[in-house]
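Asks: Pasting a structure below so you can have a look.
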Amino acid sequence: MRIIAGTHRSRQIAAPKGRDTRPTSDRVRENAFNLIGPVDGADVLDLFAGSGALGLEALSRGAASATFVESDRDACRTINANLDTLGLNATVLCQDVLRVVSGDRRRYDLVLCDPPYDYDRTKLVTHLPGLLAVDGVLVYESSGREGAPQVPGLEERTSRKYGSARLTLFEL
């Protein structure tokens with residue numbers, strides 16, 4: 001895996017070993033950021049971060065800060081290693097995503113959410129609107145076999161399928 005664009009373009013990043021993490025492909029990440037647009041100065045929240053590829057891409061493209069949330073300890077170590085390799089500073093929370101989002105009162109310009117495809121998102125989606133700043137964007141990655149997820153309180157901007165993944169962008 002590699003960073004697609006920005007100050008760390010073409011730099012390699014690691015992915016956690018095993019099959020518990022499903023890294024977002026280079027192609028899907030590139031298309032996601034084409035849909036999102038510029039992220040200069042953005043505060044980013046990367047939920048179910050895995051390798052951290054989405055948040056790292058945002059930082060490389062000029063985001064001001066990133067908070068990575070991941071419950072798997074090996075994945076957290078991988079995110080920290082990727083941050084060290086790229087010389088970036090960010091916050092890594094090795095905690096349950098639902099616990100973090102239910103207690104987080106910060107607002108983010110960009111929320112990246114890539115839960116496991118079999119994840120029960122019923123409780124999660126109720127907390128997502130409260131994480132977005134005015135003019136903020138939520139990018140929700142789901143299985144391409146499903147329709148676009150519904151997030152009460154947010155308006156769907158677009159939903160696109162890329163191979164086995166679907167990207168749906170929401171805004172307030």
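We did not get these values from a lab; they are worked out from the coordinates using the rules stated. This is a predicted model, so every value here is computed, not measured. Positions of Cβ are generated from backbone atoms using ideal geometry, with glycine treated the same way; all protein chains shown enter the neighbour counts.
Asks: What does the helix-only formula give at 222 nm for the chain: each DSSP H stretch with n ≥ 4 adding -39500 (n - 2.57), the total divided by the residues, and the result rounded to the nearest 500 deg cm²/dmol?
Replies: On the way: 5 runs with 46 residues, N = 172.
Counting only the DSSP helices, I get -7500 deg cm²/dmol.
Asks: Let me ask something else. Given H placed 1.01 Å from N in the peptide plane, which residues other than close sequence neighbours of Ala165 have an amide H under 5 Å from its amide H?
Replies: Sorted by chain and number, the residues that satisfy this are Gly144.
Asks: Also, I was wondering about something else. Looking at the chain, which Cys residues are left with no other cysteine's beta carbon under 4.7 Å from theirs?
Replies: Cys113
Asks: Right, something else. Once Rg and Dmax of the Cα atoms in Å is worked out from the coordinates, which option in (i) 15.2, 44; (ii) 14.4, 38; (iii) 20.9, 75 does it equal?
Replies: (ii)
Asks: I'd like the chymotrypsin sites (Phe, Trp or Tyr not before Pro) in the range 99-163 restricted to DSSP loop residues with at most 16 other Cβ atoms within 10 Å, sorted by number.
Replies: Working: sites: Tyr108, Tyr117, Tyr119, Tyr140, Tyr162; in loops: Tyr117, Tyr119.
Of the chymotrypsin sites (Phe, Trp or Tyr not before Pro), the ones in loops of the range 99-163 whose Cβ has at most 16 other Cβ atoms within 10 Å are Tyr117, Tyr119.
Asks: By average Cβ neighbour count within 10 Å, what is the ranking of 44-52, 122-130 from highest down? Could you put the intermediate results ahead of the total?
Replies: On the way: 44-52: 26.8, 122-130: 15.6.
Top of the packing list down: 44-52, 122-130.
Asks: Please report the relative contact order for the chain, taking Cα pairs under 8 Å with a sequence separation of at least 6, and give it as a percent rounded to a whole number. Walk me through the intermediate numbers first.
Replies: Working: 361 pairs, mean separation 30.9, N = 172.
Averaging sequence separation for qualifying contacts and normalising by length gives 18 percent for the chain.
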